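Have a look at the structure below before the remarks.
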């Protein structure tokens, strides 16, 4: 499925000793072993990688095969010698599965890194009803190529994405020593280095067509730069500055876990206390898992609860805070407790509302949360402009959202879908600015004290939030609403945020009193965010110059991917397709869908938000109608029929939703 950009996420895993692997079986062609922990291994040509825990590893000549417990996904690592990446990938498929005839969708270059002089990713065409993911990555060192082929069930791919990223991130040429900043003292962020980072942001904005970026830099526990570049909205002259508000999305999670820590400080709950004991209204679709969930598990992304975001992205108009608990009551985990990193927005939403119910009792859950966050977090930290109130934010100095239109051009995006986070705002609903978000980072660096030295939370409970709860990638863990990244030998704590037209990050290096924030007002901003962190580290530690090339390649691939996707889309949609569809559909979980026609095409209206659609004929002969408006492009509705009625199927990686023709609905009128 072509999911909207705000579903993007960061993933990888951690190295474990070789002794932790148990050999399980041997067949006529290969030795097979079940990995009981992440384990260092060699490819057939002696390149190094980490094989992920729980996977079964086998070898067949130059092919190394890894399969997860579900056994419906395969990772094939193949060593070849070839003249170029195309030939390398062709040889790898021939060695792994020569009968495969999957059509190539696009091949995209990647920036060199980790000792690989050349890298390229190959994506293959799939049809939505296959529920399959198929891609290959090729990387070269000297004359050696290593190709990693991934194919199988997309639900398992989502669940095991951390393990797959572990393998990819840890795959390095034989003899290569990882870059490390351990033991180095960072350079001060003086005027020249600040200008270097500003120039990087300005260049990235131009290449990625981002209208505006607000950002800040912190050194020696003080703000050395805060401001903005570009404009708040296309076609408007108002500039982005240090006080411009953006939706910070999932950066809210760290603020929510701070509130949770304050409730622990107050003795109103404990990290190790069962949630159902603290808040009897909490329950999941699995009673046994409900009993296991402790307070800390609400915010650890470690319970096995999947994203399942469509349940709050649709039909939110009349929703209040209580809908978080109503939705969780029928949701079930899709992996074992503590087994893999799975990111659940609604679990964090529940955490925020439960903390507020303890700290601000007697109020409606949403009002209580807003009040507790203002009085206990924002006001004491001097985050005077930060708010959950969309009306207030939109009346003042704020950035508007932008996304890519169907031809890949940055255009204004509707705010409508962003209102979906309001009922679940502890997971991602905060509006903040570079200035205000910097004050939050300063509090983190000061171990729980405001920039003026006022205690906000105990150091003990502040730091509990940074303790590893689940592995996310190679030297990356997730704590409580925070990623802890040690890939470069120094600890970097951060968290990103993604909603329609807004992509951001907040970053700090606890050991050095250094931090940064970045907030962008376009979906292409997600491509700048990770490179911003890399550039900061390069400037601080004289790291290898990689960030600029990362942005350049990302910009090239953004254009190429958009053009390739556009080739198969009919926009406006094919009239023969749309003439036969019904006027109204209904999903039990996601609500109504109204089909509306105009001279410029067909619109799907879900009540709270809407989008024009394009049509696409898939390789298996099915037809999809796909939302196409900036910011909400990529929701794919596959035409089908159920019990004699016309219907659409909408899927995320692990769930399927059926929109069935509503009773009495007539076919849509002809153009």
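Computed from the coordinates by the stated procedures, all read-outs in this text should not be read as laboratory data. Everything numeric in this text was worked out from a predicted model, so none of it was measured. Every residue, glycine among them, receives a Cβ derived from its backbone with ideal geometry; neighbour counts consider all protein chains shown.
Once the Cα-Cα distance is subtracted from the 0.36 nm per residue extended length, the residue 419 to residue 394 segment shows a gain of 7.8 nm. For the modelled label position 7 Å from the Cα of residue 32 along Cα-to-Cβ, which residues of the range 73-113 have backbone nitrogen atoms closer than 17 Å? It comes to 73-77, nothing else.
Relative intensity of the range 533-576 on a log10 scale, I(q)/I(0) at q = 0.32 Å⁻¹, equals -1.01, per a Debye sum over C-alpha point scatterers of equal strength in the absence of solvent. Rg and Dmax of the range 520-624, based on Cα coordinates, read 20.5, 61 Å. With Rh defined as the Kirkwood radius, the inverse of the mean 1/r over Cα pairs, the Rg/Rh of the range 336-456 is 1.03. Across the alpha-carbon atoms of the range 575-661, the computed radius of gyration and Dmax are 12.2, 36 angstrom. Residues of the range 247-286 with an amide N closer than 15 Å to a point placed 7 Å from the Cα of residue 467 along the Cα-to-Cβ direction: 261-262, 264-265, 270-274. One chain, two ends: residue 619 and residue 639. Fully extended at 0.36 nm per residue, the span grows by 5.8 nm beyond their Cα-Cα distance. Computed over Cα pairs, the Kirkwood radius of the range 456-603 leads via Stokes-Einstein (1.002 mPa s, 20 °C) to a diffusion coefficient of 110 µm² per second.
With runs of 4+ DSSP H residues as the only contributors, calculate the mean residue ellipticity of the chain at 222 nm using -39,500 (n - 2.57) per run, divided by the residue total and rounded to the nearest 500. Don't jump to the answer; show the numbers that get you there.
On the way: 17 runs with 171 residues, N = 671.
Using -39500 (n - 2.57) per qualifying helix, the result is -7500 deg cm²/dmol.
Based on every Cα atom in the chain, Rg and the maximum pairwise Cα distance Dmax equal 24.6, 71 Å.
By other beta-carbon atoms within 10 Å, ranking 641, 315 with the fewest at the front produces 641, 315.
The distance between label points at residue 575 and residue 290 comes to 5.5 nm (points 7 Å beyond Cα on the Cα→Cβ vector). The Cα-based radius of gyration of the range 323-373, divided by its Kirkwood radius, gives an Rg/Rh of 1.07. Computed from the C-beta positions of residue 568 and residue 384 and an R0 of 41 Å, the FRET efficiency is 0.25 to the nearest 0.05.
The distance between label points at residue 83 and residue 143 comes to 1.4 nm (points 7 Å beyond Cα on the Cα→Cβ vector). Working from label points 7 Å from Cα in the Cα-to-Cβ sense, the residue 224 to residue 236 distance is 3.3 nm. Remark: 78, 457 ranked as 457, 78, counting other beta-carbon atoms within 10 Å and listing the fewest first. Fewest neighbouring Cβ atoms within 10 Å first, the residues 475, 542 line up as 542, 475. The mean of 1/r over all distinct Cα pairs in the range 191-560, once inverted, gives the Kirkwood hydrodynamic radius of 20.6 Å.
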